[in-house]
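Read the structure below first, then the notes.
FYI, it's all coordinate maths here, none of it is from the lab. Computed from a predicted model, the values in this text were never measured in an experiment. All Cβ positions, even for glycine, are placed from backbone atoms using ideal geometry, and neighbour counts span all protein chains on display.
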């Protein structure tokens, strides 16, 4: 089970909002490489992992991703709070406002809603851990693109933190990859079947 | 410490615990990291207890045994600007 803690992993206070950044942030709230996708991917893949370290890493990184998802939602809602319909439309959010008002909804910046087809659980640990390593790099690239769109420190400070977490998670998944290579030195992970 | 200072301190110590936890997932036999994880976890528990005694519950489902404050009425994280 999970226990909620009524605080963010990293402090956020958007008092100088930028709706363009809020729109870009939706990539990390409901896009293919979003924090939501990361949490679902790892917490689902852990059930079919063949080793204690792999199960623990997927469980714990998946848990941290939920805290990151909350940080993204916080930045989006604090950006949209108080914005007029006209301001939202000027930022390219007319379609979003029409369907969701100022609510936080898991869609990407182009309005495409989140779908489970963004993630996989193949039951093959080599394939799944390789996907996880790629997912962390795609999320890092996405954070860098969002950071290129703003000079506002109220967004940049938490975004720097989140980008760095992608790098650390990639390091941990790389170690998981090495553990797998030791488990299956002949490359045949299907021998795990039991 | 003010509420925000204490929350910041909790977040700093918790971050150390998160990092050590993830590291220990792939290095479970690292005695130095285990020892660090133990001491920072104790410090985190003490800081959370200090916060909750002063400002009310930080966690639900029975994990914040304090009689003061209010789970429902305190601000949610996205409401703090």
Convex hull over the Cα atoms of the stretch A:19-185, averaged projected area in nm²? 9.2 nm²
Expressed in nanometres to one decimal, the distance between label points 7 Å along Cα→Cβ at residue B:41 and residue B:59 is 1.1 nm
Over the stretch B:3-79, what is the relative contact order in whole percent, taking alpha-carbon pairs under 8 Å and six or more residues apart? 25 percent
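Sequence gap at least 6, Cα distance under 8 Å: using those rules, report the relative contact order of the stretch A:4-75 to the nearest whole percent. Present the calculation step by step, with values, prior to reporting the outcome.
Working: 64 pairs, mean separation 29.2, N = 72.
Here the relative contact order equals 41 percent.
How high is the relative contact order of chain A, given as a whole-number percent (alpha carbon pairs under 8 Å, six or more residues apart)? Spell out each step's value before the answer.
On the way: 237 pairs, mean separation 56.5, N = 194.
Dividing the mean separation by the residue count of chain A yields 29 percent.
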Between A:119, A:14, A:76, find the one with the highest GNM mean-square fluctuation for chain A; connect C-alpha pairs within less than 10 Å. A:14
Check: C-alpha center the stretch A:90-128 vs C-alpha center the stretch B:53-81, spacing in Å is 31 Å
Inter-label distance, nm, simple model (7 Å from Cα along the C-beta direction), residue B:8/residue B:79: 2.3 nm
On C-alpha positions alone, give me the angle between the axis of helix A:19-30 and the longest principal axis of chain A, in degrees, nearest 10. 30 degrees
Among A:45, A:154, A:28, residue whose mean-square fluctuation peaks in a GNM of chain A (springs only between Cα atoms under 10 Å): A:154
The helix A:125-148 Cα axis meets the longest alpha-carbon principal axis of chain A at an angle in degrees, between 0 and 90 and rounded to 10, of 20 degrees
Between the stretch B:1-52 and the stretch A:1-69, what is the separation of their alpha carbon centroids in Å? 19 Å
Mind checking the full-extension length gain between residue A:122 and residue A:167? Use 0.36 nm per residue of separation minus the Cα-Cα distance, one decimal, nm. 13.8 nm
In a GNM of chain A with a 10 Å cut-off on Cα contacts, which of A:161, A:170, A:114 has the highest mean-square fluctuation? A:161
Would you kindly calculate the translational diffusion coefficient of chain B, applying Stokes-Einstein with the Kirkwood radius from alpha carbon pairs, for 25 °C and a viscosity of 0.890 mPa s, and quote it in µm² s⁻¹ without decimals? 175 µm²/s
Just to confirm the number: angle between the C-alpha axis of helix B:31-55 and the first principal axis of chain B, 0 to 90 degrees, nearest 10? 10 degrees
